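The values are calculated or read from the model by the stated rules, or taken from the named source; none is laboratory data. Because the structure is a prediction, the values reported are computed rather than measured. Positions of Cβ are generated from backbone atoms using ideal geometry, with glycine treated the same way; all protein chains shown enter the neighbour counts.
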Amino acid sequence: MRFSVDSAPTFLHDWPSFLLSYISMKPIVILKVGDTFADLAQQSGDFENWIEKGLGKLNAPVTVIDPRIAPLPSYEEIAGAVITGSHAMVTDRAVWSEALAVWLRAAVEKEVPVLGICYGHQLLAHALGGQVDYHPNGIEIGSVHVNKTAAATDDPLFHDMPAEFMAHVVHSQSVRALPPNAVLLAKNGFEQHHAYRIGQNAWGVQFHPEFDHHAMGTYIEKLSDHLKEKGADITTLQSQLAYTQAASGILHKFAKLAENRIN
């Protein structure tokens, strides 16, 4: 339930104004579409916890909805939505995933601020007519260099990013073709579609702005057998872990854009 200050019940008029303001604001919703490894979640939290931390200090509240088991929110009742990563694959076309794709398509049409991360990035592209499939060169994992495009110069989230920045990645599927009218914002030699924008308020990022050193290192460790089979040097991947402040900052910039636009 949401209240405006003017319509709040009588007992609430004795509350501090900042609390009334908080109650009246629309939430930023984290749509949790996957789970990290159980032991990592027990130790450090799950995707939604890392994202909420990255969103930073806000005036708007933050809430979590798992669309695999719960109804999707009304567009009119939210300030924006962040779609998490997942160990699932978009090409599996799970029922919940296809329903979320329909919801995302309408959210973009209604200009609801949306940020898709990894799986969310791919699902957003799928929802809007792009193509998602396995990357022909296999998995991209670790801390990698990502380059801005010229179009990113005028983008609300990317305009102040360095021309080249470090980001944590782990994905075997990717956006193989962008949706029509998408604006490419970032890429590298492995992944040609690391970030894009649709319209004025919807973004997809293949990299993980919510990951820290520990999370990224754990993914390398957990997938080490598969990576070794593909010829990867695990020691090198671990030694190349880097700080990713610029990539991580995307979360807070998106949150401020969402709350300032809607509330």
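Within segment 37-54, not a single residue is more than 15 Å from His208 (Cα to Cα), assigned to a loop (DSSP other than H, G, I, E, B) and touching a strand residue (DSSP E or B) at 6+ places or on another chain (Cβ under 7 Å).
Suppose the filter is farther than 19 Å from Leu55 by Cα, modelled with pLDDT of 95 or more and in contact with a Phe, Trp or Tyr (Cβ under 9 Å, 6 or more places away or on another chain); does His171 pass it? Judged against the criteria, His171 is a match.
Residue count for segment 35-54 satisfying the condition of being surrounded by fewer than 17 Cβ atoms within 10 Å (Cβ to Cβ) and hydroxyl-bearing (Ser, Thr, Tyr): 1.
Tell me, which residue of segment 234-262 that is within 14 Å of the chain's Cα centre (by Cα) and of a type in the set (A, V, I, L, M) is nearest to Glu140 (Cα to Cα)? This residue is Ala247. For segment 197-206, taking the residues that are crowded, with 17+ Cβ neighbours inside 10 Å and small (Gly, Ala, Ser), the one that is nearest to Val112 (Cα to Cα) is identified as Ala202.
Could you list all residues from segment 210-259 that are exposed (fewer than 13 other Cβ atoms within 10 Å of the Cβ) and not in a loop (DSSP other than H, G, I, E, B)?
Correct list: His214, Asp225, Lys228, Glu229, Thr235, Thr236, Ser239, Gln245.
Screening segment 79-196 for strands (runs of 3 or more DSSP E) wholly inside it with 1 or more residues that are crowded, with 22+ Cβ neighbours inside 10 Å and in contact with a helix residue (DSSP H, G or I) (Cβ under 9 Å, 6 or more places away or on another chain) returns the ranges 80-83, 114-117, 140-148, 164-171, 173-177, 183-187.
With respect to the conditions (1) part of a loop (DSSP other than H, G, I, E, B); (2) under 26 Å from Tyr75 (Cβ atoms); (3) not basic (Lys, Arg), Gly204 lacks only one, and its number is (1). As for segment 177-186, it holds at least one residue that is of a type outside the set (A, V, I, L, M, F, W, C) and in contact with a Phe, Trp or Tyr (Cβ under 9 Å, 6 or more places away or on another chain).
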